Amino acid sequence: MTDVVEGSLYDYPKYYDLLFGFDWKAECDFLENCFDRYAKCSVKRLFEPACGTGRLMIKLAQRGYEVAGNDLNPHAVKYCNDRLVRFGFPASAVVEDMSDFSVKKKFHAAFNMINSFRHLETERKATDHFKCMANALTKGGLYVLGVHLIPTAGNRMEQESWVARRGNLQVNSHMWCKELDLKGRNEKLGMTLDIYTPTSHRQIRDEMNYRTYTEAQMQKLFSRVPELEVAAVHDFSYDVSETTELNETSEDIVYILRKR
């Protein structure tokens, strides 16, 4: 019998980490390549806003970086800190709003790779986020930001499914657009997770709201925080040798922002 739960994926960090942690090596390699190519400082200290379970923080800590992050979800932050401590690193994630925070010591680079920035529901909060990030970075430091844009021409991705496995645990995920309000700048996503073990089947049903951005709207947002410049643009192939030209069909984009 299937146990059906209406709830937030973020309250189940074990499943979240499994679902979104599969591509960690490509992301970490890409980040390091960006640090080498675009940063105008030596990169040693890293920060992840909306860090969730810290799936990249732990890998980058193991590569020798000093890492820290914040997230609104206490379950995710606890999971992140417990793992960091288990592997011999400080518990450096805190429960905090990514649009309202400050740091005691500035970072050389920061990253937000899988669209979490779009959880900020207003232009004011988005602007405040970038101001916080600019204040958190040293001069010449980077903020690597992955965003799903809304293309204004051509087809757009409406749904996505993938499967993740670890030992006897399997999670089947399906995510789709339930409503798209371009005037109100909101995309409502539905998500189901089917969790299988040898003896059980649980389904988690979630619903999330993301603020929408076209390429032009992102550029307008960046203009409000002149402390950050767009140093380069890539896509989700994570190939630092190939930059991407933004146009009306742009969708999966990685902005390399640099502190002036």
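The values are calculated or read from the model by the stated rules, or taken from the named source; none is laboratory data. The structure displayed is predicted, hence computed values, not measured ones. Cβ coordinates were reconstructed from backbone atoms using ideal geometry, including for glycine residues, and neighbour counts include every protein chain displayed. For the accessible areas, the whole protein counts, side chains as well, though only heavy atoms, and no ligand, DNA or RNA atoms are used. Shrake-Rupley method; radii C 1.70, N 1.55, O 1.52, S 1.80 Å.
Counted by Cβ distance under 12 Å from His119, the other residues give a net charge of -1, where Lys and Arg count +1 and Asp and Glu count -1. Residues of the range 111-143 with the amide nitrogen closer than 16 Å to a label point 7 Å from the Cα of Glu227, along Cα-to-Cβ, please. The answer is 111, 125-143, whose backbone nitrogens lie closer than 16 Å to the label point. The modelled label-to-label distance between Arg260 and Glu6, using points 7 Å beyond Cα along the C-beta direction, is 4.9 nm.
Under 19 Å of direct C-alpha separation, and excluding same-chain neighbours fewer than eight residues apart, Lys183 reaches these lysines: Lys125, Lys220.
At an R0 of 35 angstrom, the distance between the Cβ atoms of Lys183 and Lys14 translates into a FRET efficiency of 0.40. Averaging the sequence gap over all C-alpha pairs within less than 8 Å and six or more residues apart, then dividing by the number of residues, gives the range 191-260 a relative contact order of 26 percent. Rolling a 1.4 Å probe across all protein chains gives Ser92 an accessible area of roughly 30 Å².
By the Stokes-Einstein formula, at 1.306 mPa s and 10 °C, the range 109-256 with its Kirkwood radius over alpha-carbon pairs has D equal to 93 µm²/s. Across the range 122-260, Cα pairs under 8 Å and at least six residues apart give a relative contact order of 31 percent. Considering only beta bridges that DSSP places wholly inside the chain, some 70 percent are antiparallel. Based on C-alpha pairs under 8 angstrom that are at least 6 apart in sequence, the chain has a relative contact order of 22 percent. Using 0.36 nm per residue and subtracting the Cα-Cα separation, the extra length available between Thr192 and Arg63 on full extension is 43.1 nm. Listed by chain and number, the aspartates and glutamates placed with their C-alpha closer than 19 angstrom to that of Lys188 are Glu6, Asp11, Glu121, Glu123, Glu158, Glu160, Glu179, Asp206, Glu207, Glu251, Asp252; residues fewer than eight positions away on the same chain are left out.
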